[in-house]
Amino acid sequence: MMTTIPLKMCLFFCLLAPFATHAQKKSRTEKPIPGLTKLVYHVKDDNTKIKEGDFEESLVDIPLTQGYYINDQKNGGWKYLSPDNMVTFTGNYYNDHKVNRWYYIHEQKVFSVLSFNAEGQLHGDAIGLYATGDTAAVTPFSNGKRQGIALRFDQHHQITAKKYFDNNQLLADTSFYANGRIHRIHTYQDGKIMAAVTMDSLGNMLPSPTSDKEPRDTENEEGYYMPTFPGGLQTLQLFLSKAVQYPPEAIRRKVEGKVVVSFVIDADGYIKNINVKESIDPVLDEEAKRVTALMPRWSPGIQDFLPVSVQFNLPISFKIP
């Protein structure tokens, strides 16, 4: 069941050309944070609320997102970029749905290849890769749900773990020693461990969990990335310094302090579900939420070679000059 993806795929993504359109278009440029963030796109001549044509989002004139709209829906080839060589990804949309193969890249090397059906759901084998191009993980999907046996491999092509899924529910998992013998078996019901069996590297049964020469665990080494602001912490601090507008009412009342904002970074890196986790004053709370909503797209979080939504907490400090 081994699959190897050639490294040359890093250079070829089979992007579909944008569909031809004869609609009249007008160019639009938005600068949410002047001198820092910029959106350039086209809209229909007869309805300026509908995007039609090329789209680009940039941070300090460095492209973050490039794609194409037809009738306000994503179509054709799209690229989600990162100025600091973190997670980038590219593939095709059809009417706002990801379709066919998408390639996820870290430090200019493909680390994950995902397949989507016409409804934009993961379908078929999701393949995780080592930097060498060798397979690190294979996870089967059916219409957006895990279905079947998911495998993890070490860099010598040996199976290190198996997980058994039915309709996206984890039923059991098995881990292995380097000699191929079973180390541990878990069975699950409703997400809870119902039974556990542990064995030593010679195949002898052990009582309860043990530290007996743990098996090779690649899950903590490969296929996991935290979300990052494009350009890193320094650029995030620059963004906040330019974006925050101290409310005059708060200055008049001499209100200072730190607001902690909670939000979700979705699987494409976009900010959603903004809430105030730690408040100091309603006026500063609203300003912190406004600034958070202006953020450009982040590099998304990756778990087990798959893009995931991640809850994130961000402190924003307010101090009167």
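The values are calculated or read from the model by the stated rules, or taken from the named source; none is laboratory data. Here the structure is a predicted model, which means the values were calculated and not measured. Every residue, glycine as well, gets a Cβ built from its backbone with ideal geometry; the counts of neighbours run over all protein chains shown. Ligands, DNA and RNA are stripped out before the accessible areas are found, and what is left, the full protein with its side chains, is counted by its heavy atoms. Shrake-Rupley method; radii C 1.70, N 1.55, O 1.52, S 1.80 Å.
Any idea what angle helix 233-243 forms with the longest principal axis of the chain, computed on alpha-carbon atoms, 0 to 90 degrees, nearest 10? Once rounded, one gets 30 degrees.
Panel values: the range 82-158, Kirkwood radius from alpha carbon pairs, Stokes-Einstein at 4 °C and 1.567 mPa s, translational diffusion coefficient 99 µm²/s.
Heavy-atom accessible area for R152, with the other protein chains in place and a 1.4 Å probe, reaches approximately 10 Å². Its Cα gyration tensor gives the range 112-198 an equivalent ellipsoid, and the semi-axes of that ellipsoid, as √(5λ) in whole Å with the largest first, are 23, 20, 6. On the range 217-301, 49 percent of the accessible area sits on carbon and sulfur atoms, based on a 1.4 Å probe. Counting Cα-Cα pairs of the range 213-311 in 5 Å increments starting at 0 gives whole-percent bin shares of 3, 12, 17, 19, 16, 11, 8, 5, 4, 2, 1, 1, 0. Based on protein heavy atoms only, the range 261-321 ends up with 44 Å² per residue of surface accessible to a 1.4 Å probe.
Remark on the range 258-316: Rg and Dmax equal 12.2, 41 Å (Cα only).
Split the accessible area of the range 11-166 by element, probe 1.4 Å, and carbon with sulfur accounts for 48%.
At R0 = 51 Å, how high is the FRET efficiency between I159 and N95 if r is their beta carbon distance? Nearest 0.05 is fine. Computed FRET efficiency for I159 and N95 comes out at 0.85.
Helical content of the chain, expressed as a calculated mean residue ellipticity at 222 nm, amounts to -2500 deg cm²/dmol (DSSP H runs of 4 or more residues, -39,500 (n - 2.57) each, divided by residue number, nearest 500). Helix 282-293 and the longest principal axis of the Cα set of the chain meet at an angle near 70°. Using only the C-alpha atoms, the convex hull of the range 27-156 corresponds to 110 Å³ per residue. For the chain, the alpha carbon convex hull comes to 171 Å³ per residue, rounded to a whole number. Each listed q (0.13, 0.15, 0.17, 0.20 Å⁻¹) maps to a log10 I(q)/I(0) for the range 80-231 from the Debye sum over equal C-alpha point scatterers, namely -0.71, -0.90, -1.07, -1.26. Across all directions, the shadow cast by the convex hull of the range 169-210 built on its C-alpha atoms averages 3.0 square nanometres.
With protein chains left intact and a 1.4 Å probe, residues in the range 60-196 average 46 Å² of accessible area per residue. With q set to 0.18, 0.30 Å⁻¹, the log10 of I(q)/I(0) for the range 221-272, from the Debye formula over equal scatterers at the Cα positions, is -0.83, -1.23.
The rule of thumb for compact globular proteins, 2.2 N^0.38 Å, goes into the C-alpha radius of gyration of the range 48-100 1.18 times.
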